[in-house]
Amino acid sequence: MELKSKTPTGPIEQRWDNHRFNIKLVNPANKRKYSVIIVGSGLAGASASATMAELGYNVKCFCFQDSPRRAHSIAAQGGINAAKNYQNDGDSVYRLFYDTVKGGDFRSRESNVYRLAQISVNIIDQCVAQGVPFAREYGGLLANRSFGGAQVSRTFYARGQTGQQLLLGAYQALLRQVAGGKVQMFPRTEMLDLIVIDGKARGIVARNLITGKIESHLADAVVLGTGGYGNVFYLSTNAKGSNCTAIWRAYKRGAAMANPCYTQIHPTCIPVSGEYQSKLTLMSESLRNDGRIWVPKKKGDTRSPEQIPEDERDYYLERKYPSFGNLVPRDVASRNAKSACDEGRGVGEQGLGVYLDFSDAIKRLGKQSIRERYGNLFDMYERITGDNPYNVPMRIYPAIHYTMGGLWVDYNLMTTIPGLFAVGEANFSDHGANRLGASALMQGLADGYFILPYTIGDYLANTKLEKADASNPAAREAEKGVNEVTRRLLEIRGKRTVTSFHRELGKLVWDDCGMARTEAGLKKALQRVPELRDEFWKNVNVLGGGEELNQALENAGRVADFLEFGELMCLDALQRNESCGGHFREEFQTPEGEALRDDDNYSYVAAWEYGGPGKPPILNKEPLTFEYVHPSQRSYK
Amino acid sequence: MKLTLHIWRQKSPNHIGRMVQYEHANVNPHMSFLEMLDVLNEELIAKGEEPVAFDHDCREGICGSCGFMVNGVAHGPQPATTVCQLHMRHFKDGDVLYLEPWRARAFPVIKDLVVDRSAFDRIITAGGYVSASTGSAQDANNILIPKRDADLAMDAAACIGCGACVAACPNAASALFTGAKISHLSLLPQGQPERFKRALGMVAQVKQELFGSCTNIGECEAVCPKEIKLEVIARMNRDYLKASWTERPEITRGDD
């Protein structure tokens, strides 16, 4: 497999402009002759669908939820970055680019990141024009706040519901195109395979989740905006339905999977309360602007927080990282919380938690200001835990949140299968080994509004496509495969529930491929995951039929894919003998316990190629070069 | 704790549904309401019975997927809380709970507690947007918006489209949902050019979907998990009335 990144050369400031000029255009009158399938209706999928339709293409958009408005982008709380420098605090496109490359621990593509920073400015304009109610200052100008990993205030927000408002903006733009007849929307429909004809992606096989009908949909190109694979861990901050099925089945059709071991741990989540727990809830990272993180200095200190005097508290982030303090990037904040708990200084019943304390901020700013800034988050915390964070510190613990790995894409966001594109969290491209706060929303919308709609034209203009419909043998073969898997799942009728397998897999990968990894642990997981997978296919119990709404069946298919994906994730983690960003191999750390990168040997994107059934995957490498931001030890001291 | 659950079971839109009683002994006060159902479902599967179908996704109270009636109240007894964020600590040992799907002609039952809310998408499709194609926007700070207006718009925009307002309304009206979107956009300068056309389009769609009429009862506001206020309905009615009086056929001029 050859990885052609198609990254332009020349001064980085001009690369995207030059590239856009050089790519081939599709004549407006011809755009209406093309059809595009977009799977996923989150920030990336909905914005891409709307924009493609505005340009004149015919779009079919699919989502498994009952409405495109429910995509998981809706749950993002904190904000979206843009290099507007409205606060006059020294921000610039270059600084956002610099922060993102450095924050990604030098494992992202410079050209992509620069383009992202450049486009960030237009995203805010576009969203405001749509009526997204961003927070405002009294004079009517947009308000900003700062986020982890940044020393400037560049984050735009709509209370604690920024993702919701951005998604509703994109959803409304999408439905406007549904009204205009340019987008056909397929809710409650799940993609189960990719149709490849003559080496090009030409469609999908999808299951109507209400009737169970398996159908082929053909088009001239296919776009996957299906989000991340964080639910492989079972407990995560992702929505329950988030899954890796679409990208995994595309991988098995020949799309390379890049950096699957890069998963981001979010430092501020509500700790686990018991075995029955179904998901973890994230508290916005913006809380770290005013909350101070601490644990007792003494091990096993079980006193309640207000009984612990100031000089017996360890504000470990402020102590270890004086210039960033509580705003260090996510991987650093998460790892430090874990080590405090590993030392036996964790708080709460399970000892897996640290305090996030607002008492100083309340003294300084007053309860009312804190309520204005974080009111809904405080309410949410109280609803879940029963504790009132205005009176007692919150307890937080890291949790799986975002996945930086995903399908490998070139500069045009095209995967290694011609005609198959991946946008947003489903691709690997912009975040490197770690993602800074408020940059996922930025990437989803940059891909969907401003990159894909242009680059897809280049593919369509340069490619000769034969007519194809659902009677094509490739479509028939894919449909047959999907029907076969459904039949098998329903016929096993074993003893264990789908969820019990998922929970076991999640615990395995969390323990051995989670916040910290070791060679021994990964080797153990690589042995255990296939055993669990075998047991699944012999002993899972999926009741009901295939021709009706059957949530257990939907879930079984997704868990079956996670059971395969989890193995690749561990394999990727094992081959990367270094620590970087969200990938922390315990064998590779500095004497102070920070991540130790190995730029000489591992400055590459690991792009895995499916080797065929029962055969090991093949590792391909795309070397990364850094011309502008030179790799250095990340330091937040 | 131990609960007695009466749950609406309906195999498909074409089957007749009925209440089925379950004794549920493994309930922990820290569970969310949906986690309580997860545990029940695991037990049902173990016994070879089909699990109860219910819509859910984010389980953070923001996606709007979940929701059903608990003892006749949409999203259950806790104010301003979706059922996924409702915790069992608000119930007592030995409680008897009745779980039913949203009740409205415009929301047909698909299975058990799952209903079809696609009518909401069609209402938005009928004009619930600002026509701003990608790439034509001016600098964001060129549109000044007083903080008060931005805050009021945000209050309305917080609607998650769960459908509780419809389910709680004796008329099954969608006025709170529709009013929230109309208010969000009409409070902002960007929403002005299409303001009255939007009100006409969305309200016409509401009628077509067979939602009932609003008679200002206020049950919708009482159950709304996002505390959307009845004033959004007043704003919708004002815009609709004004639009109905001032509506003129659109004259399009050719290039001749």
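If we keep just the residues of region B:11-38 that are among the small types (G, A, S) and within 24 Å of the chain's Cα centre (by Cα), which is farthest from B:A53 (Cα to Cα)?
The first filter runs over region B:11-38 and keeps only residues among the small types (G, A, S), leaving B:12, B:17, B:25, B:32.
The next check asks that each one be within 24 Å of the chain's Cα centre (by Cα); those that pass are B:12, B:17, B:32.
On the way: B:S12: 11, B:G17: 13, B:S32: 16 Å.
Only one residue tops the list, namely B:S32.
Each row is one residue, and each column tells you yes or no for (1) over 24 Å from A:Q551 (Cβ atoms); (2) more than 14 Å from chain B (Cβ to nearest Cβ).
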residue: A:P187; (1), (2): no, no
residue: A:E190; (1), (2): no, no
residue: A:V196; (1), (2): yes, yes
residue: A:A201; (1), (2): yes, yes
residue: A:A206; (1), (2): no, yes
residue: A:I210; (1), (2): no, no
residue: A:I214; (1), (2): no, yes
residue: A:K240; (1), (2): no, no
residue: A:N243; (1), (2): no, no
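In this structure, does B:G161 turn out to be assigned to a loop (DSSP other than H, G, I, E, B) and within 9 Å of chain A (Cβ to nearest Cβ)? Spell out how you get there, then give the answer.
Working: assigned to a loop (DSSP other than H, G, I, E, B): yes; within 9 Å of chain A (Cβ to nearest Cβ): yes.
Judged against the criteria, B:G161 is a match.
Let's see how each residue does on (1) touching a helix residue (DSSP H, G or I) at 6+ places or on another chain (Cβ under 6 Å); (2) among the β-branched types (V, I, T); (3) surrounded by 12 or more Cβ atoms within 10 Å (Cβ to Cβ):
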{"residue": "A:C570", "(1), (2), (3)": "yes, no, yes"}
{"residue": "A:A573", "(1), (2), (3)": "yes, no, yes"}
{"residue": "A:E587", "(1), (2), (3)": "no, no, yes"}
{"residue": "A:N601", "(1), (2), (3)": "no, no, no"}
{"residue": "A:G614", "(1), (2), (3)": "no, no, no"}
{"residue": "A:L619", "(1), (2), (3)": "no, no, yes"}
{"residue": "A:S632", "(1), (2), (3)": "no, no, no"}
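Would you confirm whether any residue within region A:204-223 is within 18 Å of A:Y34 (Cβ to Cβ) and under 22 Å from the mean Cα position of the chain (by Cα)?
yes
Testing A:V328 on (1) out of contact with any Phe, Trp or Tyr (no Cβ under 9 Å at 6 or more places or on another chain); (2) crowded, with 21+ Cβ neighbours inside 10 Å; (3) more than 30 Å from B:H90 (Cα to Cα), one condition comes back false. Which one is that?
(1)
Among residues belonging to region B:44-70 that are at pLDDT 95 or above and in contact with a Pro (Cβ under 9 Å, 6 or more places away or on another chain), point out the one that is nearest to A:M380 (Cα to Cα).
It comes out as B:G64.
Go through (1) among the small types (G, A, S); (2) without any contact (Cβ under 8 Å) to a residue 60 or more places away in the chain; (3) in contact with a Pro (Cβ under 8 Å, 6 or more places away or on another chain) for A:A46 and report which single condition fails.
With (1) among the small types (G, A, S); (2) without any contact (Cβ under 8 Å) to a residue 60 or more places away in the chain; (3) in contact with a Pro (Cβ under 8 Å, 6 or more places away or on another chain) applied to A:A46, the lone miss is (2).
Test of understanding: among A:S284, A:S323, A:S339, which residue is among the polar types (S, T, N, Q) and within 14 Å of chain B (Cβ to nearest Cβ)? Spell out how you get there, then give the answer.
On the way: A:S323 fails: within 14 Å of chain B (Cβ to nearest Cβ); A:S339 fails: within 14 Å of chain B (Cβ to nearest Cβ).
Every option except A:S284 fails the conditions.
If a residue has to be outside any strand (DSSP E or B), over 17 Å from B:E221 (Cβ atoms) and within 13 Å of another protein chain (Cβ to nearest Cβ) to count, how many in region B:65-101 make the cut?
Residues in region B:65-101 being outside any strand (DSSP E or B), over 17 Å from B:E221 (Cβ atoms) and within 13 Å of another protein chain (Cβ to nearest Cβ): 10 in total.
Considering every residue within region A:492-502, establish whether at least one is of a type in the set (S, T, N, Q), free of Cβ contacts under 8 Å to residues at least 12 places away in the same chain and not in a loop (DSSP other than H, G, I, E, B). Write out each step before concluding.
To start, the set of residues in region A:492-502 that are of a type in the set (S, T, N, Q) comprises A:497, A:499-500.
Of the ones still in play, those that are also free of Cβ contacts under 8 Å to residues at least 12 places away in the same chain are A:500.
Applying the additional criterion that residues be not in a loop (DSSP other than H, G, I, E, B) yields A:500.
For region A:492-502, residues of a type in the set (S, T, N, Q), free of Cβ contacts under 8 Å to residues at least 12 places away in the same chain and not in a loop (DSSP other than H, G, I, E, B): present.
Being in contact with a Leu (Cβ under 8 Å, 6 or more places away or on another chain), closer than 18 Å to B:A132 by Cβ, among the β-branched types (V, I, T) and in contact (Cβ under 8 Å) with a residue 12 or more places away in the chain narrows it down to one residue among A:V132, A:V121; which is it? Break it down stepwise before answering.
Numbers: A:V121 fails: in contact with a Leu (Cβ under 8 Å, 6 or more places away or on another chain).
Result of the check over A:V132, A:V121: A:V132.
If you check A:A143, A:A129, which single one turns out to be closer than 20 Å to A:G42 by Cα and either within 14 Å of chain B (Cβ to nearest Cβ) or in contact with a Ser or Thr (Cβ under 6 Å, 6 or more places away or on another chain) (or both)?
On the way: A:A143 fails: closer than 20 Å to A:G42 by Cα.
Of the residues listed, the single one that is closer than 20 Å to A:G42 by Cα and either within 14 Å of chain B (Cβ to nearest Cβ) or in contact with a Ser or Thr (Cβ under 6 Å, 6 or more places away or on another chain) (or both) is A:A129.
At least 3 residues that are out of contact with any Ser or Thr (no Cβ under 8 Å at 6 or more places or on another chain) and within 30 Å of A:V26 (Cβ to Cβ) in each: list the strands (runs of 3 or more DSSP E) lying fully within region A:220-327 that qualify. Outline the logic, then answer.
Details: elements: A:221-224, A:263-269, A:292-296.
So the answer is A:221-224.
I need the full set of residues from region A:562-593 which are in contact with a Ser or Thr (Cβ under 8 Å, 6 or more places away or on another chain) and modelled with pLDDT under 95, in order please.
Correct list: A:G582, A:E586, A:Q589, A:G593.
Take the residues in region A:159-185 that are among the hydrophobic types (A, V, I, L, M, F, W, C) and surrounded by fewer than 24 Cβ atoms within 10 Å (Cβ to Cβ), then tell me which one is farthest from the other protein chains (Cβ to nearest Cβ). Show your work before the answer.
Step one: list which residues in region A:159-185 are among the hydrophobic types (A, V, I, L, M, F, W, C), which gives A:166-168, A:170, A:173-175, A:178-179, A:183, A:185.
Narrowing further to those that are surrounded by fewer than 24 Cβ atoms within 10 Å (Cβ to Cβ): A:178-179, A:185.
Values: A:V178: 5, A:A179: 5, A:M185: 7 Å.
Among them, the one singled out is A:M185.
Pairs, please: C-beta under 8 Å, at least 6 apart or cross-chain, first residue more than 7 Å from chain A (Cβ to nearest Cβ) and in region B:117-142, second basic (K, R)?
B:I123/B:K181; B:G127/B:K197; B:G127/B:R198
When the residues of region A:373-392 are filtered to those that are away from chain B (no Cβ under 14 Å) and buried (at least 24 other Cβ atoms within 10 Å of the Cβ), which remaining residue is nearest to the chain's Cα centre (by Cα)?
A:Y374
Which one is surrounded by the most Cβ atoms within 10 Å (Cβ to Cβ), of the residues in region A:133-158 that are of a type outside the set (G, A, S) and in contact with a Gly (Cβ under 8 Å, 6 or more places away or on another chain)?
Applying the first criterion (of a type outside the set (G, A, S)) to region A:133-158 yields A:133-134, A:136-138, A:141-142, A:144-145, A:147, A:151-152, A:154-157.
Going one step further and asking which of them are in contact with a Gly (Cβ under 8 Å, 6 or more places away or on another chain), we end up with A:145, A:147, A:152, A:155-157.
On the way: A:R145: 18, A:F147: 27, A:V152: 20, A:T155: 26, A:F156: 29, A:Y157: 23.
By that ranking, first place goes to A:F156.
Among the residues of region A:196-206, is there at least one that is farther than 21 Å from A:A556 by Cα and not in a strand (DSSP E or B)? Full working, then the answer.
Narrowing region A:196-206 to residues farther than 21 Å from A:A556 by Cα: A:196-203.
This time we only want the ones that are not in a strand (DSSP E or B), so: A:198-199.
Yes, there is a match, as at least one residue in region A:196-206 is farther than 21 Å from A:A556 by Cα and not in a strand (DSSP E or B).
Can you say whether A:Q77 is modelled with pLDDT under 95 and within 14 Å of chain B (Cβ to nearest Cβ), as far as the supplied structure shows?
Here the answer is yes, as A:Q77 does meet what is asked.
Going by the structure shown, is A:A48 within 13 Å of chain B (Cβ to nearest Cβ) and surrounded by 24 or more Cβ atoms within 10 Å (Cβ to Cβ)?
Details: within 13 Å of chain B (Cβ to nearest Cβ): yes; surrounded by 24 or more Cβ atoms within 10 Å (Cβ to Cβ): yes.
Criteria met by A:A48.
How do the pairs read when you match residues in region B:150-162 that are at positive phi with residues anywhere that are part of a helix (DSSP H, G or I) and of a type in the set (F, W, Y), using Cβ under 9 Å and keeping only pairs 6 or more apart or on different chains?
Note: pairs meeting the criteria are B:G161/B:F120; B:G161/B:F177.
I'd like the residue in region A:533-553 that is part of a helix (DSSP H, G or I) and buried (at least 18 other Cβ atoms within 10 Å of the Cβ) and, out of all such residues, is farthest from the other protein chains (Cβ to nearest Cβ). Even if it seems obvious, please write down each step before you answer.
Of the residues in region A:533-553, the ones part of a helix (DSSP H, G or I) are A:533-539, A:551-553.
Within this subset, residues satisfying the condition of being buried (at least 18 other Cβ atoms within 10 Å of the Cβ) are A:533, A:536, A:551-553.
Numbers: A:R533: 20, A:F536: 15, A:Q551: 5, A:A552: 6, A:L553: 11 Å.
Residue satisfying both the conditions and the ranking: A:R533.
Please list, ordered by first then second residue, the pairs with beta carbon atoms under 8 Å, 6 or more apart or interchain, first in region A:253-277 and within 14 Å of chain B (Cβ to nearest Cβ), second aromatic (F, W, Y) and surrounded by fewer than 24 Cβ atoms within 10 Å (Cβ to Cβ).
Sorted first by the residue in region A:253-277, then by its partner, the pairs are A:I270/A:Y381.
Can you work out which of the residues in region A:554-609 that are in a strand (DSSP E or B) and among the hydrophobic types (A, V, I, L, M, F, W, C) is farthest from A:T403 (Cα to Cα)?
Going through region A:554-609, the residues in a strand (DSSP E or B) turn out to be A:580, A:583, A:585, A:589, A:595, A:604-609.
Of the ones still in play, those that are also among the hydrophobic types (A, V, I, L, M, F, W, C) are A:580, A:595, A:605-608.
Numbers: A:C580: 14, A:A595: 18, A:V605: 15, A:A606: 15, A:A607: 15, A:W608: 16 Å.
So, considering only residues that are in a strand (DSSP E or B) and among the hydrophobic types (A, V, I, L, M, F, W, C), the one farthest from A:T403 (Cα to Cα) is A:A595.
Go through region A:258-306 residue by residue and tally those that are at pLDDT below 90, among the small types (G, A, S) and either under 30 Å from A:R109 (Cβ atoms) or surrounded by 24 or more Cβ atoms within 10 Å (Cβ to Cβ) (or both).
Residues flagged as at pLDDT below 90, among the small types (G, A, S) and either under 30 Å from A:R109 (Cβ atoms) or surrounded by 24 or more Cβ atoms within 10 Å (Cβ to Cβ) (or both) within region A:258-306 amount to 2.
Examine region A:368-378 for a residue that is farther than 15 Å from A:N289 by Cβ and assigned to a helix (DSSP H, G or I), and state whether such a residue exists.
Our first condition is that a residue be farther than 15 Å from A:N289 by Cβ; within region A:368-378, this holds for A:368, A:376.
The next check asks that each one be assigned to a helix (DSSP H, G or I); those that pass are A:368, A:376.
For region A:368-378, residues farther than 15 Å from A:N289 by Cβ and assigned to a helix (DSSP H, G or I): present.
The values are calculated or read from the model by the stated rules, or taken from the named source; none is laboratory data. Keep in mind the model is a prediction, meaning the values are calculated, not measured. Every residue, glycine as well, gets a Cβ built from its backbone with ideal geometry; the counts of neighbours run over all protein chains shown.
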